[in-house]
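Q: Below is the structure I would like to discuss, written out as structure tokens.
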Amino acid sequence: MPVIRKILQLISNKYLVAILVFAVVVLITDHNNIFEQWQRKQELQELQNKKAYYEQEIAKTKKEISDLSNNTAALEKYAREKYFMKKDNEDIFITVPDSTGVKN
């Protein structure tokens, strides 16, 4: 009986009830509830990872542009590899690996 009486005293305490109601409203039913905050934190982490990836790609592309504008040999290599360009007196043979997996 003394345990039940203590529980009833806690429940009848208006300040405790007000704090519990406030906590429920803020943590669960509010527009910015704890679940939304957790989801937004995950989205923010994903966006920060994407930002870091794209910053690396931008740096790589800027370096490539710098190399292509300053080095004619690099420009020729890039044109040959990416666009299959050739000189007038050259023939290009493109070999495609066998995708069947059969070895001779």
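Q: If a residue counts only when it is under 22 Å from the mean Cα position of the chain (by Cα), which helices (runs of 4 or more DSSP H) contained entirely in the stretch 14-104 have at least 1 such residues?
A: Here the list reads 34-70.
Q: Moving on. Any residue in the stretch 62-79 that is modelled with pLDDT under 90 sitting within a Cβ distance under 6 Å of a residue that is assigned to a helix (DSSP H, G or I) and of a type in the set (Asp, Glu)? List the pairs, counting only those 6 or more apart or interchain.
A: These pairs meet every condition: 74/67.
Q: Right, another one. Cβ contacts < 7 Å: first residue touching a residue at least 40 places away in the same chain (Cβ under 8 Å), restricted to the stretch 29-48; second residue of a type in the set (Val, Ile, Thr), any location; separation 6+ or different chain. Result?
A: none
Q: Does residue 96 count as in the same structural domain as residue 11 (by TED's automatic domain parsing) and either farther than 30 Å from residue 11 by Cα or surrounded by 10 or more Cβ atoms within 10 Å (Cβ to Cβ) (or both)?
A: Here the answer is no, as residue 96 does not meet what is asked.
Q: Another question, then. Answer yes or no as to whether residue 88 is exposed (fewer than 10 other Cβ atoms within 10 Å of the Cβ) and out of contact with any helix residue (DSSP H, G or I) (no Cβ under 7 Å at 6 or more places or on another chain).
A: Judged against the criteria, residue 88 is a match.
The values are calculated or read from the model by the stated rules, or taken from the named source; none is laboratory data. Nothing here was measured: the structure is a model prediction, and the numbers come from that model. With ideal geometry, Cβ positions are generated from the backbone for all residues, glycine too; neighbour counts draw on all protein chains shown.
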